[in-house]
Amino acid sequence: VWSAANTLTDKTGEGLRLPTGEIVSNHPNFRLVLLFNEGSQYQGTREVNAALKRRLVPVYAGYPDAAIEKQILQTLTPGLSVKIVSKLIGAAAMIRAGSLRFDLSTDILARWANMYLAGVGTWQECFDIAIADLTGDPGVTAPQRAVLAEIAKHCSIAYW
């Protein structure tokens, strides 16, 4: 995918060569928008090609304001009390402040809550599945998992 995106953005005017040998020309108004988490620290990802990165204009997005995130989370987790949503937002704030090497989106928080609501397991078990497993290989990410475990204890997540 990265090599195809690289070809599309190299401005040689040749267009994209398909595996069949056919060349698809770029339209003069062609634009490419790529959304990705920068870096190779995310499980299952590789570093973006340096030549492609030089051709891109980065736009960094932060997390939504807590009040807005609370509204989004309440929409994504129907049936969850406002108190629990507030606890999830609080846990997310602590995890994000820990500067761990993975993204903790509102969608992941909703996945955590919805797993619990669906009866997948306890809050702690769902936390381990939805959040702790995002850090990657347990053998490599033990320090991150230790921080997550402390945050879970602090938030009394296991007892919700």
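The values are calculated or read from the model by the stated rules, or taken from the named source; none is laboratory data. On a predicted model such as this, the values are computed, not experimentally measured, just so you know. Cβ sites come from the backbone with ideal geometry, for glycine too, and all protein chains shown count toward neighbours.
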Item to complete: Sort out for me the helices (runs of 4 or more DSSP H) sitting completely within the stretch 60-160 that have 2 or more residues that are of a type in the set (S, T, Y) and either surrounded by 15 or more Cβ atoms within 10 Å (Cβ to Cβ) or modelled with pLDDT of 80 or more (or both).
Response: 106-117
Worksheet entry | Tabulated pairs, the stretch 68-83, first within 14 Å of N114 (Cα to Cα), second assigned to a loop (DSSP other than H, G, I, E, B) and of a type outside the set (A, V, I, L, M, F, W, C), C-beta under 7 angstrom, 6+ apart or interchain | I72/P64
